[in-house]
1. So what are the ³J(HN,Hα) numbers for segment 342-351, from phi and the Karplus equation (6.51, -1.76, 1.60; θ = phi - 60°), rounded to whole Hz, Gly and Pro as x?
2. Run the dipole for segment 53-150 about the Cα centre, Lys and Arg Cβ at +1, Asp and Glu Cβ at -1, nothing else charged, and hand back the magnitude in debye, nearest 20.
3. Beta carbons within 10 angstrom, averaged per residue: use that to sort the peptides 228-236, 314-322, highest first.
4. Which of Gln122, Val60, Cys218 sits closest to the plus end of the dipole of segment 23-349, meaning its Cα is farthest towards the positive end, when Lys and Arg get +1 and Asp and Glu get -1 on the C-beta?
5. Where Lys and Arg each count +1 and Asp and Glu each count -1, what net charge lies around His206 among other residues with Cβ under 13 Å from its Cβ?
6. Where only protein heavy atoms count, and the probe is 1.4 Å, what is the accessible area per residue for segment 23-349 in Å²?
7. Let me spell out the model: positive unit charges on the Cβ of Lys and Arg, negative unit charges on the Cβ of Asp and Glu, origin at the Cα centre of segment 143-213. What dipole size does that give, in debye rounded to 20?
8. Assuming a ≥ b ≥ c are the square roots of the Cα gyration tensor eigenvalues, decide whether segment 20-113 counts as rounded (a/c under 1.5), prolate (otherwise, with a/b larger than b/c) or oblate.
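The values are calculated or read from the model by the stated rules, or taken from the named source; none is laboratory data. Quick caveat, the model's predicted, so the values are computed rather than measured. Using ideal geometry, Cβ is built from the backbone for each residue, glycine included, and neighbour counts are taken over all protein chains shown. All accessible areas refer to the heavy atoms of the entire protein, side chains included, with ligands and DNA or RNA removed. Shrake-Rupley method; radii C 1.70, N 1.55, O 1.52, S 1.80 Å.
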Amino acid sequence: MTFIAKPRIDLPSDRLNDIGLRRRDYEGVLSTLCAGCGHDSITAAIVQAFWEMSIAPEKVAKLSGIGCSSKTPAYFISGAHGFNSVHGRMPSVATGAMAGNRDMVAIAVSGDGDSLSIGFGQFGHVVRRNLNLLYIIENNGVYGLTKGQFSASADVGSRAKKGAENRWQNIDPVATAITLGGSFVARGFSGDRDQLVPLIKAGVRHRGCAIIDVVSPCVTFNDHEGSTKSYAYTRENKHEAVKLDFVPPAEEINAQFDPGEAKAVTLHDGSRVMLRRTEDGYDPTDRSRALQYLETARSRGEVVTGLMYMNEDLPEMHDLFGTTERPLKDIPYEELSPGSDALRKLQSKMR
């Protein structure tokens, strides 16, 4: 992590959001990642999204594991709560945080190694439980901190910087999350902020686990010819499944598309995700067709981006557990503790 503070320069022309904060108030410390790293572009998209949504920094919990990706939370919303957990164990920490205070806005940032290898079990269960958080995977296909070995997301046939070919089948986080019962699954590209910012906004407002896999090229170890996670390959083979707009609940919905071409999905807080279908007629509410579409695109070597699947009807973790509407942190200990008599009754049922 870096501890170098950014010099603060407030310009009179800086715009304020609805709670009187500047975009600068949503930034963090200076990045120590390699110049040109896709992760820094994702940071910029997160800063823009949270500033535009006027989310109070003290209401945000940001969590991560280990890796280049997991340094990212240091670079945005310095006024938020943060926890940098051990490798692959971030989902457990996030589950505890959101179980204790359901009113927080949680954003988790992880990497392809952190989520799909070391923490694959944790990733699967946080999706299955539909924990209410935005989960961003900064996917570069390699372990950047340990000299660029292939990660589990590296495509078959992709080549390393020194020419070695990956022969292992890859794990696709998008297809995996949909298969596990994910309620919001999307893919973005760090080089396309126009698409990524609305995806982040929709993911924040979605009530449940919002997975966004972001192709984020590693400029040091995986941005060369033969890599399928490079800037050049992604730009050449990128294919948008849908075009997406995020519309806050208090904002008038403008018709930026022709009648019959758009589909609106209403989120629990009244926000809407407006989906404009491409020529392929992709429908992100059809789970089986979403998986077929991904497999077809994979066989053609395409990097499909956009909102891949969404289901607002799936219950969130607190709904499944039937917990109280009050955050547990606000409930006095005397109410939280059932007492020794209640404990004895519980134990007697287990004998």
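1. 5, 5, 5, 5, 5, 5, 5, 5, 8, 7
2. Approximately 140 debye in magnitude.
3. Packing order, densest peptide first, comes out as 228-236, 314-322.
4. Going by the charge dipole, the pick is Gln122.
5. 0
6. 44 Å²
7. 200 debye
8. Working: a/c = 2.19, a/b = 1.03, b/c = 2.13.
Verdict is oblate for segment 20-113.
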